[in-house]
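The structure under discussion appears below in the form of structure tokens.
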């Protein structure tokens, strides 16, 4: 599928509502458990998404548009949420994510990006040259794969209760 | 996490709303594409979930409660939706799933299942002996893993647009 801003907004705009519908008012077991050491719980993922809104997607868009190849992106801390989420409830985090995502999308739309803008390049500290189109596609994919991760983590919590059925669910061994 | 009917209802009740929030009014590219030959699109998955409501979860619950080990479950057609969904819009399918899921959960709740009931057994045609608790856990996991699948399939549609980023997303190669 070809990238378009419209198709990207369709996903980016709905992710906060999808996560609220999926995670609000659930038993703690669904929300706070993870997949093992150094993995994320659904609660952790929401903090991670908030940190991305604050420090990654729009910050890197600005660097590409303002500095291009002359200034590499700031490396991103994928574990920052373990500090930043402390003391916050899941509902607080879901609200915070909804608010900051809306602000970021309003800002992005206000740029009126052209196809030429989408071809502009920046330097990723590990991956090298990337275009703004690559960055915005990855923002969308990052949302979708974290919803996939959250539901996989939740599913695994019942693995021991399924008797012999896990062998039909390849995803439980991912 | 230990199985409980309450924790299971929490998921089973919200899945139709999660899918509506995730999939309503999206570009066809997000909804109708799949992961390659003999894989499901998000549209296909909704038909598959409806078929499960009609022929699997409650039907097998009935067999366990009424016949126990004396009558194996009817094998399930995992590809029935390719016929049954024909001519229906995604929104029709999402509504149909919501309705039949609600009916099935009302029926399940009306059984007032006890812990002893949950230990009752049936015969799966391939897996052998399973308990009602195993079956109901698997119903929940089936919902969650299909949401994971849908979002993974959607994410893959942008893989070509991400430049070098897919190497950071293990899930895109699942």
| remark: homo-copy label distances at residue A:127 (7 angstrom along Cα-Cβ), nm, one dp, ascending, are 3.8
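If each DSSP helix of 4+ residues adds -39,500 (n - 2.57) and the sum is divided by the residues in chain A, what number results at 222 nm, nearest 500 deg cm²/dmol?
Roughly -18500 deg cm²/dmol at 222 nm, from the helical runs in chain A.
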| said: To make sure I understand, if each residue's beta carbon is the centre and we count other beta carbons within 10 Å, what order do B:97, B:79, B:168 fall in, fewest to most? | reply: B:79, B:168, B:97
| task | Could I get the Rg over Rh figure for the protein assembly as shown? Both from C-alpha atoms, Rh via Kirkwood, rounded to two places. | result | 1.00
| GNM on chain B, C-alpha springs below 10 Å: top fluctuator among B:20, B:102, B:71? | B:71
| note | Relative contact order as a percentage, chain A, C-alpha pairs under 8 Å and 6+ apart, gives 31
| task | Could you please state, rounded to a whole Å, how far the C-alpha centre of region A:1-74 is from the C-alpha centre of region B:1-72? | result | 26
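Give me the one-decimal Kirkwood hydrodynamic radius in Å for region A:47-110, with the sum taken over alpha-carbon pairs. All intermediate terms of the calculation are to be shown ahead of the outcome.
Working: mean 1/r = 0.0781 Å⁻¹.
Value: 12.8 Å, from the Cα pair sum.
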| query | In terms of the Cα gyration tensor, with a ≥ b ≥ c the square roots of its eigenvalues, is region A:4-66 rounded because a/c is under 1.5, prolate because a/b exceeds b/c, or oblate? | reply | oblate
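Just to check, using Stokes-Einstein with a Kirkwood Rh over alpha carbon pairs, what's the diffusion coefficient of chain A at 37 °C and 0.692 mPa s in µm²/s?
Values: Rh = 17.5 Å.
Answer, rounded: 187 µm²/s.
Sort A:140, A:130 by Cβ crowding within 10 Å, fewest neighbours at the top. Display every interim value, and only then the final one.
Numbers: A:140 25, A:130 21.
With the sparsest Cβ surroundings first, the list reads A:130, A:140.
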| field | Cβ-vector label at 7 Å, residue A:55, separations to other copies in nm | value | 5.1
| request: Let me know the mean shielding of B:164-172 by other chains, meaning the per-residue number of their Cβ atoms within 10 Å of its Cβ. | output: 6
| Which residue, A:117, A:56, A:143, has the most motion in a Gaussian network model of chain A that connects Cα atoms within less than 10 Å? | A:117
| residue A:164 label points, 7 Å along Cα→Cβ, one per copy: pairwise distances from this copy to the rest in nm, shortest first? | 4.9
| message | Can you tell me which of B:106, B:134, B:33 moves the most in a GNM of chain B? Springs connect C-alpha atoms under 10 Å apart. | response | B:106
| field | Cα centroid separation - region B:159-174 against region A:101-129, whole Å | value | 18
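None of the figures in this text is laboratory data; all of them are computed from the coordinates on show. All values reported here derive from a predicted model rather than from experimental measurement. Virtual Cβ from ideal backbone geometry, glycine too; neighbours counted across all protein chains shown.
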